[in-house]
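Colleague: Before I ask anything, here is the structure I am working with.
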Amino acid sequence: MLSRSILRSSFRALPRILPRPLPRTPFPRVFQQPTPLNTFRFASGRGPRPPRIKHIRYNPEEVERARPLISEEQIRNGFRHPGTTLIAVVLFSGGVYFYVSNLETVPVSGRRRFNCYSEERVKEEGKMMYRMIMQQDKDAILPAWDPRTRMVERVMTKLIPASGLEHVDWEVHVIQSDEANAFVIPGGKVFVYSGILPIAKNDDGLAAILGHEISHNLAQHAAENMSRYVLLEPVRWVFIFLDYAGYTGGIGRFIGDILMDLGMMRPASRRQESEADYIGLLMMAKSCYDPNEAVKVWERMEKFQRAAGNSIPQWLSTHPSDSTRIDAMTKWLPSAEEARSESECGVTLGYSKEFQAATGGPDIWSSLFR
Ligand SMILES: [Zn+2]
């Protein structure tokens, strides 16, 4: 009797000991409306049972209680952790090694700079840009017989031997446009907008413009710009992290971008422009063009820009102001004249070490721009 009553009371207690079954929830509406894909299964009634879906209801209290996955306290603790210091030291040393091992000297100007991109890689990037421009301006490209195309080809033919870039697969296109622009895409694709020809005025003026553009290629400025992004990206990440950790009030990234642009990108771009001016001036002089015309080109450019209302302060610009360029060119003229007189005009000359020495090379350029 005793054992039977114990058994009975135990059975009564069992539901309290065992986990309670979850309350039955009806199938969500989506399963009640079979789609063409699941019609057969549900119609036959033999298919696998659809999974139970727990209803999630909006609960304002829970939302208020919600906390970020990583709290500020955890971030601070992470900073203080000895392992973090070790990781930071390893990353920093790796970064310094990467930077130092990719330092190189720019030909002719002798400037030291960081460049982690190969010429081939930049050429690949250039191909994309080339296809885009050819597609965009295909109807405006002037034919080969056009005197303007012939003028550009004539000047290029004289400049290339002095650039030392004879191995490049050069291609010249003149585009009918009011825009006063010219550029050379890495890989030797030259684009000249016909609007710049009145500013160039003659072969010497055009040689000054094209010499400048070829010099951007010679000095591999495109690779340098791409490399600068590699260097600055971690700095951007630091700003994003500081924003996230609440140190910079959410505007750190924005301020960081402005500081990097005005403090690094634009000054670097202006330095490249001056460098291309310097190399280009020597290149045109070496090709027997009159370097005095380069100064005149910038004077005409200044007038053109002023008429178009395009003058902005130099510190905001990616280019030096026209007056800065004119002053610098005037200072470089004696060495350009010297290079011209020493040049055996018409004879193939590359940018050899002797050439650098003969033209004053790095010292003259750096004394003005460093
Ligand atoms: Zn330029």
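Colleague: Mind checking which residues of region 92-110 are in contact with a helix residue (DSSP H, G or I) (Cβ under 9 Å, 6 or more places away or on another chain), loosely packed, with under 14 Cβ neighbours inside 10 Å and among the hydroxyl-bearing types (Ser, Thr, Tyr)?
Modeller: Thr105
Colleague: Gly211 versus (1) closer than 23 Å to Cys288 by Cα; (2) more than 15 Å from the ligand (Cβ to nearest atom); (3) not acidic (Asp, Glu): which is the lone unmet condition?
Modeller: Result: Gly211 passes all but (2).
Colleague: Hey, another quick one. Which number in (1) touching a strand residue (DSSP E or B) at 6+ places or on another chain (Cβ under 7 Å); (2) open to solvent by 30 Å² or more (accessible area, probe 1.4 Å); (3) under 23 Å from Met226 (Cα atoms) marks the one condition that Gly188 misses?
Modeller: (2)
Colleague: A further question follows. For Gly195, state whether it is away from the ligand (no atom under 13 Å from the Cβ), within 19 Å of the chain's Cα centre (by Cα) and open to solvent by less than 30 Å² (accessible area, probe 1.4 Å).
Modeller: Answer is no for this residue.
Colleague: Ok, one more. Which of (1) in a helix (DSSP H, G or I); (2) out of contact with any Gly (no Cβ under 7 Å at 6 or more places or on another chain); (3) more than 30 Å from Leu281 (Cα to Cα) is the odd one out, the single condition Met128 does not satisfy?
Modeller: Among (1) in a helix (DSSP H, G or I); (2) out of contact with any Gly (no Cβ under 7 Å at 6 or more places or on another chain); (3) more than 30 Å from Leu281 (Cα to Cα), Met128 violates only (3).
Colleague: Picking from Met134, Met128, which residue would you name as being free of Cβ contacts under 8 Å to residues at least 40 places away in the same chain, farther than 26 Å from Arg228 by Cα, under 24 Å from the mean Cα position of the chain (by Cα) and open to solvent by 40 Å² or more (accessible area, probe 1.4 Å)? If you could, list the steps in order and put the result at the bottom.
Modeller: On the way: Met128 fails: farther than 26 Å from Arg228 by Cα.
Unique residue meeting the criteria: Met134.
Colleague: Further question: Which one of Ser311, Ser321 is modelled with pLDDT under 85, within 14 Å of the ligand (Cβ to nearest atom), within 26 Å of the chain's Cα centre (by Cα) and among the hydroxyl-bearing types (Ser, Thr, Tyr)? Spell out the reasoning first.
Modeller: Details: Ser311 fails: within 14 Å of the ligand (Cβ to nearest atom).
Answer to the selection: Ser321.
The values are calculated or read from the model by the stated rules, or taken from the named source; none is laboratory data. Treat the numbers as computed from the prediction; the structure is a model and nothing was measured. Reconstructed Cβ throughout: ideal geometry from the backbone, glycine too, with neighbour counts over all protein chains shown. The protein model used for the area step is the full one, side chains on, heavy atoms only, and it has no ligands, DNA or RNA in it. Shrake-Rupley method; radii C 1.70, N 1.55, O 1.52, S 1.80 Å.
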